[in-house]
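Read through the structure below, which is laid out as structure tokens, and then see the notes.
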Amino acid sequence: MIKTINSWRGLMALAVVLFHAGVDWMWNLAVTGVTFFFISSTFLLAQRHPFEQLTARRYGDFVLRHALRLYPLHWLGLALLAIIALVYSPETLNWGATALSALLLHSWSPVHDVHYGLNPVAWYLCALLFCYMIYPFLAHWVGRWRLRYKVMMAAGLAVILGAVLLPLDIPGREAVFVNPLSHVLDVVFGLILVHLYHRLKHRCATVGYGTATLIEAASMLLLALVIGVNMCTTWIKPWEDVINWLLPQGSILLSLALLNGNEGAIGRILLWKPLQWLGSISFEVYVLQFVAFHLFSFIVSPLAGHFGVNIYDQLEWFALPLLLPLSWAVNRWFTRPLAAYVNNKLLPKSR
């Protein structure tokens, strides 16, 4: 893991949480953050699993290993949410949708209550699992293409996706966006970034502090520019699920990767240990955010109200103090021990 990318993922996860907690102005950062999750996953996969020679056994081990990263944490979050719902609002439980969610099949459904379901953010896990399943094939075939052919493929996918999204209303656009097929574009774009990284990395090996700072600032300014244009105009909104966030987040990802070890001012901020810690638990922060929200709504708020303190409408102030310790504890005593067991016992690398 490149440390600066790790920190940026943590910050993007934080933006998603704050938006869901009611901080409306975080909308653009939340949406662009999800794009970064997908393209960075492909980019980092390519560093560890180039798949020049794809075999059935290697593919099976790859998919199983990555499925075992997603399902246990997902099931833990789903179980906690189901327990809270059974205790406090059993009438809200849809067992059919929950069963699909448990299998990570729910975001294939166009029905809002199904593809969001008990844990609304788990649609990302369903789409990510699909991306894991197709990555070895795309890395094996598309990864060998020349850059211009990869770009042509990404442009074609963007046009197709844009044509599907353009006539749809908000619920329809959401149903398309959470559908795993929509994120084939993210995987291909991630492979483009891998190609650019290998082509450019030797040129950045001796970049100085000042130049590195300018490169980092330019990528951040591109993201700020797209956010500003998106907030002030309507002409690019129909495309915000297609290319708005790929280009700025791709430039940030590429700059952070190329400057790894030669960070500028922004990169050195991202190396700050608290941000590294946030990045290390970012997956738990993302998956468990609605657990923290429900703990606040059903336990913390009523308890405070019992003592005369009204905090029912202040979720944005209490989400993180609940979520961050919970995410750290789950990472420390659940995710990491399970990952160690999978790597050392269940699927050792020598297999």
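The values are calculated or read from the model by the stated rules, or taken from the named source; none is laboratory data. Since the structure is predicted, the reported quantities are computational estimates derived from the model, not experimental observations. Backbone-built Cβ (ideal geometry, glycine too); neighbour counts: all protein chains shown.
Observations on the model:
- When segment 158-197 is filtered for residues that are in contact (Cβ under 8 Å) with a residue 12 or more places away in the chain, over 15 Å from residue 249 (Cα atoms) and among the β-branched types (Val, Ile, Thr), the ones remaining, listed by number, are 164, 176, 178, 184.
- Set side by side, the residues 63, 151 differ, and just one is of a type outside the set (Asp, Glu) and modelled with pLDDT under 95, which is 63.
- Qualifying residues in segment 25-54 (those that are among the hydrophobic types (A, V, I, L, M, F, W, C) and outside any helix (DSSP H, G or I)) - the one farthest from residue 284 (Cα to Cα): 54
- When 208, 143, 190 are checked against the criterion of being of a type in the set (Gly, Ala, Ser), on the phi < 0 side of the Ramachandran plot and surrounded by fewer than 18 Cβ atoms within 10 Å (Cβ to Cβ), a single residue qualifies: 208.
- Residue, surrounded by the fewest Cβ atoms within 10 Å (Cβ to Cβ), within segment 55-84, restricted to residues that are more than 17 Å from residue 283 (Cα to Cα) and of a type in the set (Phe, Trp, Tyr): 59
- Test: residue in segment 288-295 that is modelled with pLDDT of 95 or more, under 24 Å from the mean Cα position of the chain (by Cα), under 25 Å from residue 24 (Cα atoms) and in a loop (DSSP other than H, G, I, E, B): yes
Quick grid of which residues meet (1) of a type in the set (S, T, N, Q); (2) more than 23 Å from the chain's Cα centre (by Cα); (3) in a loop (DSSP other than H, G, I, E, B); (4) at pLDDT 95 or above:
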site: 252; (1), (2), (3), (4): no, no, no, yes
site: 263; (1), (2), (3), (4): no, yes, yes, yes
site: 283; (1), (2), (3), (4): no, no, no, yes
site: 298; (1), (2), (3), (4): no, yes, no, no
site: 303; (1), (2), (3), (4): no, yes, no, no
site: 311; (1), (2), (3), (4): no, yes, yes, no
site: 339; (1), (2), (3), (4): no, no, no, no
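- Qualifying residue in segment 231-248 (condition: free of Cβ contacts under 8 Å to residues at least 24 places away in the same chain and either of a type in the set (D, E, K, R) or crowded, with 22+ Cβ neighbours inside 10 Å (or both)): yes
- Unmet requirement for residue 114, which otherwise passes all of (1) without any contact (Cβ under 8 Å) to a residue 40 or more places away in the chain; (2) surrounded by fewer than 16 Cβ atoms within 10 Å (Cβ to Cβ): (2)
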